[in-house]
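The values are calculated or read from the model by the stated rules, or taken from the named source; none is laboratory data. It should be emphasised that the depicted structure is a prediction, and the values quoted were computed from it without experimental measurement. Note that each Cβ is placed from the backbone with ideal geometry, even for glycine, and that neighbours are counted across all protein chains shown.
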């Protein structure tokens, strides 16, 4: 059991934890008090070897504790360490003349924990280490304090890094989810465009089939006209032969033939022109179909690319 007892008057939790934990690790027995009155009551029961008094407490006036302790015959013999951010050592001892300088020490805050432990050791010595534990030198204590402080700083940094990592992971996940949503929207958009293009292609194919049927019918009629024209030429050849046998009859027959076939020849020329125009129209439709086919192939390539991107995002 610790054989060196300390009462620590302090109302700052951080100071209590930092100094108190180190004192306990060294095997001092430490009791904490946040007000002057509770510290006085504790002193009469606890029988401390040392008082550590913060002059910066706000819950009560530490000077009351100093004055009351010095009135007690037993307690006023106990060494004290006074901590303060506002006082300077000379000013402190001049203001609190009843403080025994021979057994009291003043430490200006802020201060290092290891320096404060040195003052505690100078005041009451080191406690007896627990059974089975070898005494630790001052250098060892300083090293332990430094290591503990570094460990606490590392824990803080690790905690901060974990928080940042968690926040970063949330951001990445949110970005992935948003990217997937955006890709899904793009996919839906491309699906609609593809459906529209397929409908348009179907309509073009249907119109093309109708045009092809119309052209086939016109070609059939043209062939019939050409056949008739061939027959007419044969007839003309026979007539020419007859005309050659009879010059006068030939001239009359030739004039008659000219007049007779003049409308037919004109009709044949017109039909050939129409066929030429239809052939050009058919060629244009074929080019439109080829362009539409290219567009569908491009659409398929975009779709395949989006599908691959979705698979990669889903895999991550």
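Annotations for the structure displayed:
- Strands (runs of 3 or more DSSP E) lying entirely in region 24-124 (those with 2 or more residues that are over 15 Å from residue 4 (Cα atoms)): 50-54, 80-84, 104-108
- Checked against (1) surrounded by fewer than 10 Cβ atoms within 10 Å (Cβ to Cβ); (2) at pLDDT 80 or above, residue 221 passes all but condition (1).
- For region 287-304, the count of residues that are loosely packed, with under 14 Cβ neighbours inside 10 Å, touching a helix residue (DSSP H, G or I) at 6+ places or on another chain (Cβ under 6 Å), in contact (Cβ under 8 Å) with a residue 24 or more places away in the chain and in a helix (DSSP H, G or I) is zero.
- Single match in 4, 77, 24, 70 (criterion: under 21 Å from residue 127 (Cβ atoms) and in contact with a helix residue (DSSP H, G or I) (Cβ under 6 Å, 6 or more places away or on another chain)): 4
- Count - residues of region 33-49 that are under 26 Å from residue 88 (Cβ atoms) and surrounded by fewer than 21 Cβ atoms within 10 Å (Cβ to Cβ): 2
- Scanning region 76-95 for residues that are in contact with a strand residue (DSSP E or B) (Cβ under 8 Å, 6 or more places away or on another chain) and surrounded by 12 or more Cβ atoms within 10 Å (Cβ to Cβ) turns up 78, 79, 80, 81, 82, 83, 84, 87, 89, 92, 93.
- Count of region 9-23 residues which are touching a strand residue (DSSP E or B) at 6+ places or on another chain (Cβ under 6 Å) and either part of a helix (DSSP H, G or I) or not assigned by TED's automatic domain parsing to the domain that holds residue 84 (or both): 3
- If you go through region 7-31 and keep only what is under 20 Å from residue 108 (Cα atoms) and more than 47 Å from the chain's Cα centre (by Cα), you end up with 7, 8, 9.
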